[in-house]
1. Estimate the FRET efficiency between SER206 and THR298 by the formula 1/(1 + (r/R0)^6), using the beta-carbon distance for r and 41 Å for R0, to the nearest 0.05.
2. Using θ = phi - 60° and the Karplus curve 6.51 cos²θ - 1.76 cosθ + 1.60, what whole-Hz ³J(HN,Hα) does each residue of region 154-167 get, with Gly and Pro shown as x?
3. Using only the alpha carbon atoms of region 286-399, find the Kirkwood hydrodynamic radius as the inverse mean reciprocal pair distance, in angstroms to one decimal.
4. At a probe radius of 1.4 Å, what is the per-residue accessible area of VAL69, in Å² to the nearest 10?
5. Once whole DSSP H runs in the chain are found, which of them have Cα atoms spread over 20 Å or more along the helix axis and a mean Kyte-Doolittle score of at least 0.5?
6. Tally up the carbon and sulfur contribution to the accessible surface of the chain as a whole percent, 1.4 Å probe, everything protein left in place.
7. Which residue, chosen from GLY27, ALA39, PRO14, occupies the Cα position most advanced towards the positive end of the dipole of the chain, where the dipole is computed from +1 (Lys, Arg) and -1 (Asp, Glu) charges on Cβ about the Cα centre?
8. Taking every pair of alpha-carbon atoms in region 144-206, give the share separated by more than 14 Å as a whole percent.
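The values are calculated or read from the model by the stated rules, or taken from the named source; none is laboratory data. Bear in mind that the values here come from a model prediction, so they are computed numbers and not experimental data. Cβ: placed from backbone, ideal geometry, glycine included. Neighbour counts: every protein chain shown. Please note that ligands, DNA and RNA were not included when accessible areas were found on the heavy atoms of the full protein model with its side chains. Shrake-Rupley method; radii C 1.70, N 1.55, O 1.52, S 1.80 Å.
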Amino acid sequence: MPAAPPDIAADFAPLVPERHVALAVSGGSDSTALMRLAADWARVHHPGLMLSVLTVDHGLRPEAAAEAVLVGQWATTTGLPHHVLRWTDEPKPETGIQARARAARYGLMVQWCRAHGATALLTGHTLDDQAETVLMRLARTMSPESLSGIRPAGGWEGLPLLRPLLRTKRQALRDWLTDLGQPWTDDPSNQDDRFERVRARRRLASMSPESTDRLAALATSCGRASTLLERTSHIWISLSLQEHEAGICHIAASDFRGLPAALQERILATIVARYGGGQATPEADELRRIARWVCGNTGPVRCTLGGALLGRRKTGFWVTREQARIMVAEQTVPESGKLLWDNRFLVEAVPGSTVSPTAGRKRPAMPGVPIYAQRACPWIDQPPGAPPPRTSFLRLNSG
């Protein structure tokens, strides 16, 4: 019997409010199936939806241009417009090529979407991709967030990314395409053992047939655990975090030490992201190390993580900005009279005023605020006669 089309109507349901979305189609089996399934779904469930097919030619293989032409022919047969986007950066990177190509690919597609009014980008990630991702991450992490793998909905530079095939196996898609008489292309890099995903794919193929489903189920379970941790951490922060307008917070040891380790790490990640200026997301191992340091009584009394400075006391610990990591260059208040400074303070001042770190400047005493936090506050220079400026620290508990 012919293979039945994958039953994924519910996975395309998030497209109902949209009017124009783009499909990332390389020509491989997964993305080609995405194109055919999306077109079929839209004809039945959302006739007014405009679908645009995007193919990125990275310029890394001489065959890529001809493959993009093939995708264009298939898209035309399906009734969809096709656009080829080219990565023209030269020279191409010699190391980390897959990561760099991925960033370039998404960057080009997001740029196209914004220029042409597409409000979401769909990719053809499958259940197999999910299992491979979890298998790779199991080798280096125990974090529920990391083991959540690929999420059905994500984003890139603010544009929504949707993955409607994430619950569907690659072989089911290939069987369906074969019955349709729809060809696809195979990228030779998918056989190159230099790449971690290729090695993971081969390891997975050597495991029991149930392994793909089990790894994908693990991703689902970890995703639920990660969501619960996120919600619980925000509730805990709203109840227990003591914040000061100078950009410093205090956490009582008695409130923090009895929490499960995973919750401690999630709370620290949230606090460091805000108080560190949002410069970087700490790795799970770093958060685990800092949580042990916070709860212990050995080692230095201060340490840094992700642009934040942490200090330990007998009664708990405090977190503020690492002053040395703040951009030194002055910033000018725009015509709106408002400036977000260091991702932490909203500065309201006369347009043309300049804002920079306090650093070694002398300012009025701030009782109870360590000098480290005072040095990381904004210093505002205004024209003579201007009204006093206002600064507001963006607290975690402000909602």
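1. Working: r = 45 Å, r/R0 = 1.09.
According to the calculation, E is roughly 0.40.
2. So the J values, rounded to whole Hz, are x, x, 9, 6, x, 8, x, 10, 10, 10, x, 9, 5, 9.
3. Numbers: mean 1/r = 0.0633 Å⁻¹.
It works out to 15.8 Å.
4. Here the residue's solvent-accessible area equals roughly 90 Å².
5. On the way: long enough: 29-45 (23 Å, -0.09); 64-78 (21 Å, 0.72); 97-116 (28 Å, -0.24); 211-240 (42 Å, 0.17); 261-275 (21 Å, 0.67).
Helix filter hits for the chain: 64-78, 261-275.
6. 55 percent
7. Farthest along the dipole direction, towards plus: PRO14.
8. On the way: 1456 of 1953 pairs.
Counting every Cα pair in region 144-206, those more than 14 Å apart make up 75 percent.
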